Amino acid sequence: MTVNGTEPAGDTATVLLVEDEPSIADVLAIALRYHRFQVMAAGTVRQALALAERTRPDAALLDIMLPDGDGRALGRELRARQPDLALVFVTARDAPAEVVGALGFGDDYITKPFNIDEVIARITAVLRRTRPADVLPQRPPLRYGDLELDETTYTAHRAGRAVQLTPTEYALLRFLVRNGGRIVPKEQLLRHVWQFEHAATAESTVVETYVSYLRRKLDTLGPPLITTRRGVGYGLAAL
């Protein structure tokens with residue numbers, strides 16, 4: 001995998017991404033850059049250590065299973081070199097012992113398969129605890145009527161009141177807001193929010209379930225916001 005050793009520009013946070021699977025690495029790098037993080041990408045322990053030697057990252061997103069070593073050992077070495085480095089592990093292992101082992105010296109962990117928005121939210125949350133606010137990427141809020149989504153803190157408010165959303169609820173609501181008053185087909189929601197690519201998943205009830213969750217939280221603060229077009233999909237009520 002090609003290593004991107006470009007020096008970070010500006011005051012945004014820099015993330016060292018260590019993932020040996022090119023397709024996963026590409027998706028993560030694109031998402032991180034879209035959210036205005038600087039990204040240094042490596043596919044091996046050796047490459048990661050070389051990058052960290054040249055440029056001090058603010059956070060490291062580490063796969064645990066790497067071709068030339070263990071991501072946890074890499075995390076220990078990076079933390080020894082840079083004690084204030086934020087560490088987030090990505091792993092296909094979810095056994096309690098694995099989780100406890102990773103969290104013994106790391107800040108958070110994410111299990112595969114993962115939701116991209118959850119990865120970004122967790123990195124942002126960890127950096128908020130370990131870094132000053134001026135290194136976090138700032139994005140203007142998304143607004144639709146009396147609804148406001150903060151793209152930096154991943155929080156939501158309606159009519160000035162906070163709405164507690166899970167990462168998936170936030171991702172679904174954000175996608176609807178970005179599409180304005182347009183009806184979004186269910187299949188498109190499954191692809192963009194849940195990364196379901198096959199037509200058979202169109203029979204899934206996951207979209208209906210999460211729309212129900214959102215309605216329960218949003219409709220207590222104002223008029224019904226999410227509309228349904230039977231047999232097509234969902235959208236937001238006209239302003």
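Applying 1/(1 + (r/R0)^6) with R0 = 22 Å to the Cβ-Cβ distance of A73 and I110 gives a FRET efficiency near 0.75. The modelled label-to-label distance between I24 and T227, using points 7 Å beyond Cα along the C-beta direction, is 4.1 nm. Converting phi to 3J(HN,Hα) with the Karplus coefficients 6.51, -1.76 and 1.60 and the offset θ = phi - 60°, the stretch 24-29 yields 5, 4, 5, 4, 5, 5 Hz in sequence order, with x at every glycine or proline.
The amide H of T227, built 1.01 Å from its N in the peptide plane, has G235, L236, A237 as neighbours under 5 Å, considering only residues 5 or more places off or on other chains. For E169, what is the net charge nearby, where nearby means another residue's Cβ is under 12 Å from its Cβ and Lys, Arg count +1, Asp, Glu -1? Its environment carries a net charge of +2.
Accessible surface for Y144 stands near 20 Å², nearest 10, in the context of the full protein assembly shown (1.4 Å probe). Compared with the direct C-alpha span, the chain from A80 to D146 gains 19.1 nm at full extension, assuming 0.36 nm per residue. In this simple spin-label approximation, A159 and A238 carry label points 7 Å from Cα along the Cα→Cβ vector, and these lie 2.3 nm apart. With K and R counted +1 and D and E -1, the other residues having a Cβ less than 10 Å from that of V184 yield a net charge of +3. A simple rule links phi to the HN-Hα coupling: the Karplus curve 6.51 cos²θ - 1.76 cosθ + 1.60 with θ = phi - 60°, which for the stretch 47-63 gives 5, 4, 5, 5, 5, 5, 5, 7, 9, 7, x, 7, 8, 10, 10, 10, 6 Hz, with x for Gly and Pro.
The values are calculated or read from the model by the stated rules, or taken from the named source; none is laboratory data. Since the structure is predicted, the reported quantities are computational estimates derived from the model, not experimental observations. FYI the Cβ positions are ideal-geometry reconstructions off the backbone, even for glycines, and counts take in every protein chain you see. Only protein heavy atoms, including side chains, enter the accessible area calculation; ligands, DNA and RNA are left aside. Shrake-Rupley method; radii C 1.70, N 1.55, O 1.52, S 1.80 Å.
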